[in-house]
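Structure first, commentary second.
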Amino acid sequence: MTEAWGPEDGGRRPGPVRIRVPAKINLHLGVGPLRPDGFHELTTVYHAVGLFDELRASHGDTLALTMEGEGQGELALDETNLVIRAARALAAHARVPAYARLHLRKSIPLAGGLAGGSADAAATLLACDALWGTGLSRDELAEIGAPLGSDIPFLLHGGTALGTGRGEVVSPILARPTSWHWVLAIAGDGLSTPEVYRELDRLRARGSAPAALDSADGLMSALRQRDPKVLAEALGNDLQAAAVSLRPELADVLKAGSDAGAVTGLVSGSGPTVVFLATDSGHAERLATALTSAGVCREARTARGPMPGARIT
Ligand code: ATP
């Protein structure tokens, strides 16, 4: 549901509106056949984790984006940026002028397999909806966002959820409240998601990709058991072999985590971030320290999940 603002101002906020939005990892990423529209059919279990981008939106007489943090100086702030595209899509849908001053504080690495761009687009939809008083529900915002990025509907909802279609059809998974402890090993350079999918297609065409994952049922039942060892057995990512094929150093990251005592590790989405499961917060801290001193990643960060999706703070 969209948070309501007072009736006295017709729902339009004087601003600024501040949003916090999490990164996502995929606990299960089953990649099916390539569809005629160029996307692969996916069955995925999304999980929102505690690494956040923040967006501040205020009124302005043009649409302008500034930023700080991850990707500063590298990420274009023009019409190609998903923040600008999301603001324009909402304005067109609601038939309001796309006027806002947007400032992004990014902690989610670029092209890291953590859906940072989709997270920023989800934050923008929620921020501009509140700023402009367009009063749309999260489901309506998700529909506007889905053509811009398959992970946007999930990042509006958060938690742990099943994604089907190309990932944009999201159904929440109701599990008993449990906090899982993760360590994210963040690489120095990103990986292009389309390239990783193309590599998987190549590996499959020559018969050298591991067998595709079957349904997410095993993962769903593992989530109900609250035991990290049981969850570890059920995690899987069909894109992992392709990411490792393009970036062989990821095998060293996975080994370093295993040597440091992680319950398990897997590539997040299309990589190159590798996520490790820990038993508790102390274990996660120790793992992060060990990964950093092994020198296999740019940075190792602890993060809990599940977290709520984009929220007004
Ligand atoms: P996914 O897991 O959804 O495939 P990712 O985490 O690997 O994504 P992102 O950081 O979401 O990668 O973005 C991939 C590309 O999208 C970037 O390299 C950049 O060119 C483009 N992009 C556009 N707007 C943004 C944004 N606000 N933040 C990050 N990337 C953006």
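Listed values, structure above:
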{"quantity": "Accessible area expressed per residue, the range 180-305, with surrounding protein chains retained (probe 1.4 Å, Å²)", "calculated": "45 Å²"}
{"quantity": "ASP37 paired with ALA251, simple spin-label distance in nm, labels 7 Å along Cα-to-beta-carbon", "calculated": "3.7 nm"}
{"quantity": "Lysines with Cα under 24 Å of LYS106, excluding same-chain neighbours fewer than 8 positions away", "calculated": "LYS24"}
{"quantity": "Sulfur and carbon atoms: percent of accessible area, the range 7-170 [1.4 Å]", "calculated": "50 percent"}
{"quantity": "Shape call, the range 180-305: gyration tensor on alpha carbons, a/c limit 1.5", "calculated": "oblate"}
{"quantity": "Potential lengthening between LEU110 and GLN72 on full extension [0.36 nm per residue; Cα-Cα distance subtracted]", "calculated": "12.7 nm"}
{"quantity": "Nitroxide proxy distance, nm - points 7 Å out along Cα→Cβ at HIS59 and LEU174", "calculated": "4.2 nm"}
{"quantity": "Rg [Å, one decimal], Dmax [Å, integer] - the range 7-170, C-alpha atoms", "calculated": "15.5, 52"}
{"quantity": "Spacing of the two label points (7 Å from each Cα toward its C-beta) at GLU285 and ARG198, in nm", "calculated": "4.5 nm"}
{"quantity": "The range 10-70 - accessible surface per residue (Å², probe 1.4 Å)", "calculated": "39 Å²"}
{"quantity": "Estimated vicinal HN-Hα couplings, Hz - the range 247-257 in sequence order (Karplus 6.51, -1.76, 1.60; Gly, Pro = x)", "calculated": "9, x, 4, 5, 5, 5, 5, 4, 5, 4, x"}
{"quantity": "Global form of the chain, assessed from the alpha-carbon gyration tensor, a/c cut-off 1.5", "calculated": "prolate"}
{"quantity": "Dipole of the chain, positive direction: furthest Cα of ILE152, LEU184, ALA64, with charges on the beta-carbon", "calculated": "LEU184"}
{"quantity": "The chain: calculated mean residue ellipticity at 222 nm from DSSP helix runs of at least 4, using -39500 (n - 2.57)", "calculated": "-10000 deg cm²/dmol"}
{"quantity": "Gap separating the Cα centres of the range 78-133 and the range 169-238, nearest whole Å", "calculated": "27 Å"}
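The values are calculated or read from the model by the stated rules, or taken from the named source; none is laboratory data. Since the model is a prediction, treat every value here as computed from it, not as a measurement. Virtual Cβ from ideal backbone geometry, glycine too; neighbours counted across all protein chains shown. All accessible areas refer to the heavy atoms of the entire protein, side chains included, with ligands and DNA or RNA removed. Shrake-Rupley method; radii C 1.70, N 1.55, O 1.52, S 1.80 Å.
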